[in-house]
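The values are calculated or read from the model by the stated rules, or taken from the named source; none is laboratory data. Everything numeric here is computed off the predicted structure, so don't read it as measured data. Cβ: placed from backbone, ideal geometry, glycine included. Neighbour counts: every protein chain shown. Ligands, DNA and RNA are excluded from the accessible area calculation, which covers all protein heavy atoms including side chains. Shrake-Rupley method; radii C 1.70, N 1.55, O 1.52, S 1.80 Å.
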Amino acid sequence: MVLFEEIRQCLIEGDIPGVVEGVSAALEQGMDAEHILNNALISGMTTVGQLFEDGEYFIPEMMMAARSMQEGVALLKPQLIAQNVKPLGKFVIGTVKGDLHDIGKNLVAMMLEGIGFEVIDLGADVAPEKFVEAVKQHEAHFVGISALLTTTMAGMKTCIEALKNAGLRERVIVMVGGSPVSQKYADSIGADIYAADGASAARKAKERMLAN
Ligand code: B1M
């Protein structure tokens, strides 16, 4: 699709007005928000990651691409979130301490809202005690921890331990995710659910909620 390729290129070049224009045009043409997200924005971001890995892109280029993505996602948000009446449950979410990546976590939060959860988003670089405090304060059914760096993913285990120490582990379901995280890693740290992307995160959370 030509328009998707144009949006992808704008995102790769960090051209914020170009991404906004492209996404708006795609929506006006009646294209599905999830398709725009997957085939234009996430696909462009994957290329940006590759360029960074190859040493062709540096932090400023990644920042511009991230800002473009956030603007594009903001336009898609109303469509990605379905109209739900009663919250399915409460879901505290955040990116682990030391990690500033929040685009994926924001998408997961959006999908959870879309499927009917009330989401309490703690942002990025969240300390274990903040997760604990939020679970307690909101009497959350779930806590979701995101990590994008191999150097920060160990912090997920620290969060689970903090929940145990606070006596909350038995009453909250822990979900983990992020590109370096796997099912095997989730099992090794004692998480309840691993999800690879926003759609499966929402589906798995709903299934678990309805099973409880
Ligand atoms: Co960073 N970065 N970055 N970065 N960055 C990566 C992650 C990296 C893979 C790039 C690379 O080398 N190819 C690499 C990590 C290597 C590693 O640890 N193995 C990396 C690095 C090294 C760094 C720095 C250390 C660079 C430096 O300073 N030298 C630095 C770290 C800063 C810090 O956090 N302390 C850094 C900084 C940044 C920016 C600030 C410039 C920016 C982030 C902006 C922001 O988020 N607001 C940035 C970006 C944009 C990226 C890439 C290019 C894109 C990440 C992204 O948004 N992807 C990334 C390379 C890549 O991923 N291709 C990279 C799109 C997003 C939709 O996908 O986040 O995977 P993702 O989320 C998915 C799933 O993972 C899953 O669902 C989401 C939706 O489908 N998911 C969950 C995520 N969280 C979940 C939680 C769940 C369930 C599913 O349950 C709770």
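Annotations
- Test: residue in the stretch 96-103 that is farther than 22 Å from ILE42 by Cβ, free of Cβ contacts under 8 Å to residues at least 60 places away in the same chain and surrounded by 21 or more Cβ atoms within 10 Å (Cβ to Cβ): no
- Put simply, of GLU28, GLU56 the only residue that is open to solvent by 20 Å² or more (accessible area, probe 1.4 Å) and either away from the ligand (no atom under 13 Å from the Cβ) or touching a residue at least 12 places away in the same chain (Cβ under 8 Å) (or both) is GLU28.
- Residues in the stretch 35-53 that are within 26 Å of ALA25 (Cα to Cα) and either open to solvent by 40 Å² or more (accessible area, probe 1.4 Å) or touching a residue at least 60 places away in the same chain (Cβ under 8 Å) (or both): HIS35, LEU37, ASN38, ASN39, ILE42, MET45, THR46, THR47.
- Hey, THR151 part of a loop (DSSP other than H, G, I, E, B), touching a residue at least 40 places away in the same chain (Cβ under 8 Å), within 12 Å of the ligand (Cβ to nearest atom) and on the phi < 0 side of the Ramachandran plot or not: yes
- Contact map, the stretch 124-140: first residue charged (D, E, K, R), second residue modelled with pLDDT of 95 or more and part of a helix (DSSP H, G or I), Cβ cut-off under 9 Å, separation 6 or more or different chains; pairs are GLU129/ALA162; GLU139/ARG171.
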